[in-house]
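Working notes, beginning with the structure itself.
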């Protein structure tokens with residue numbers, strides 16, 4: 001939380017199903033009391049949801065860790081905010097927004113992207129980025145699967161090897177962002193032995209890249225993602241369907257939105273463990289055939305919703321203008 005002219009504000013760069021919990025710490029503590037397997041139907045503003053679709057810290061029973069203490073502290077501080085801004089769009093999460101607005105003034109002002117999106121003049125990463133444009137230019141339209149698990153989350157070596165096996169078996173062209181610490185800082189080359197040779201000519205592995213540039217390229221046909229909220233919004237804006245493999249925090253809830261509600265992606269490892277054959281089948285489904293075509297059409301519709309929200313008179317623009325008006329009026333009385 002931060003203050004503007006002594007007015008407490010909070011900005012949530014996450015989706016509303018996750019943001020809901022910032023306003024309801026008492027429910028958080030209830031969920032932590034025991035492992036839950038029953039379908040959850042009684043949260044205001046959140047449709048029926050399964051326990052494995054909750055944020056990762058709500059799926060755990062031990063609330064004594066340092067991480068949980070930090071989270072609870074953040075929740076308590078969020079309750080003291082006078083205004084909440086969130087990087088989402090009202091038309092995508094109307095019931096959750098309505099429930100939050102019953103708690104306090106709430107403004108959906110997303111999607112928030114750098115000016116120009118893929119052609120931004122301002123750097124959006126502190127890491128060195130590989131230039132993938134020449135390799136992508138040489139690939140057929142819609143043929144490349146982009147794989148990235150974000151800047152923070154980690155996977156196990158077993159998970160990585162299963163995913164790699166599925167990628168190889170699918171025969172798809174791919175661009176894979178492989179952070180040196182994706183498994184461990186002590187294991188900078190975690191891919192299976194022989195992976196490079198087996199994928200030669202159809203795959204490119206880089207330590208980091210400009211994600212919005214890659215997603216915006218005509219060669220892209222799918223995105224195997226950890227479902228970080230920024231990645232989800234960027235993929236929608238670029239019109240790229242997703243294969244969803246969440247790893248922590250709100251990513252599980254984001255997958256629910258992508259797969260179950262918006263129907264613009266497919267799950268991987270939906271019930272826990274991930275296996276190479278499942279990865280292969282999912283990749284083949286998204287990258288070719290009727291399923292991929294349906295997903296791409298669905299992504300176009302969600303993209304149109306984002307565009308309408310940010311256009312003149314759109315819901316996000318109106319929401320931001322209302323916030324500025326309210327804040328200016330209040331500060332004028334200070």
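Residues to consider are 153, 108; find the one that is within 21 Å of the chain's Cα centre (by Cα) and in the same structural domain as residue 47 (by TED's automatic domain parsing). If you could, list the steps in order and put the result at the bottom.
Values: 153 fails: in the same structural domain as residue 47 (by TED's automatic domain parsing).
Of the residues listed, the single one that is within 21 Å of the chain's Cα centre (by Cα) and in the same structural domain as residue 47 (by TED's automatic domain parsing) is 108.
Could you grab me the full set of residues in the range 122-173 that are assigned to a strand (DSSP E or B) and at pLDDT below 95?
130
Those residues that are part of a helix (DSSP H, G or I) and in contact with a helix residue (DSSP H, G or I) (Cβ under 6 Å, 6 or more places away or on another chain), I need them from the range 262-290; list them, please.
Kept after step one, since they are part of a helix (DSSP H, G or I), are these residues of the range 262-290: 276-287, 289-290.
Of everything in the range 262-290, those that are part of a helix (DSSP H, G or I) and in contact with a helix residue (DSSP H, G or I) (Cβ under 6 Å, 6 or more places away or on another chain) turn out to be 276, 279, 280, 283, 284, 285, 286.
Name the single residue that is modelled with the lowest pLDDT among those in the range 99-109 being out of contact with any strand residue (DSSP E or B) (no Cβ under 7 Å at 6 or more places or on another chain) and outside any helix (DSSP H, G or I). Give the steps one after another, and end with the answer.
Narrowing the range 99-109 to residues out of contact with any strand residue (DSSP E or B) (no Cβ under 7 Å at 6 or more places or on another chain): 99, 101-103.
Subsequent filtering for residues that are outside any helix (DSSP H, G or I) retains 102-103.
On the way: 102: 90, 103: 86.
This residue is 103.
Run down 212, 232, 259, 236 and say which single residue is assigned to a helix (DSSP H, G or I), surrounded by fewer than 24 Cβ atoms within 10 Å (Cβ to Cβ) and either in contact with a strand residue (DSSP E or B) (Cβ under 9 Å, 6 or more places away or on another chain) or not assigned by TED's automatic domain parsing to the domain that holds residue 287 (or both).
None of the others qualify; the one that does is 259.
Select from the range 47-98 the residues that are surrounded by fewer than 20 Cβ atoms within 10 Å (Cβ to Cβ) and in a loop (DSSP other than H, G, I, E, B) and list them in ascending order.
If the condition is that a residue be surrounded by fewer than 20 Cβ atoms within 10 Å (Cβ to Cβ) and in a loop (DSSP other than H, G, I, E, B), then 47, 48, 50, 59, 60, 61, 62, 63, 64, 65, 80, 82 are the ones that fit.
Enumerate the pairs (first residue in the range 105-130 and at positive phi; second residue anywhere and modelled with pLDDT of 75 or more and surrounded by 17 or more Cβ atoms within 10 Å (Cβ to Cβ)) with beta-carbon separation below 6 Å, excluding pairs fewer than 6 apart on the same chain, so at least 6 apart or on different chains.
As it stands, the answer is 117/212, since those pairs meet every condition given.
The values are calculated or read from the model by the stated rules, or taken from the named source; none is laboratory data. Not measured: the values here are computed from a predicted model. Counting neighbours? That spans all protein chains shown, and the Cβs are built from the backbone with ideal geometry, glycine included.
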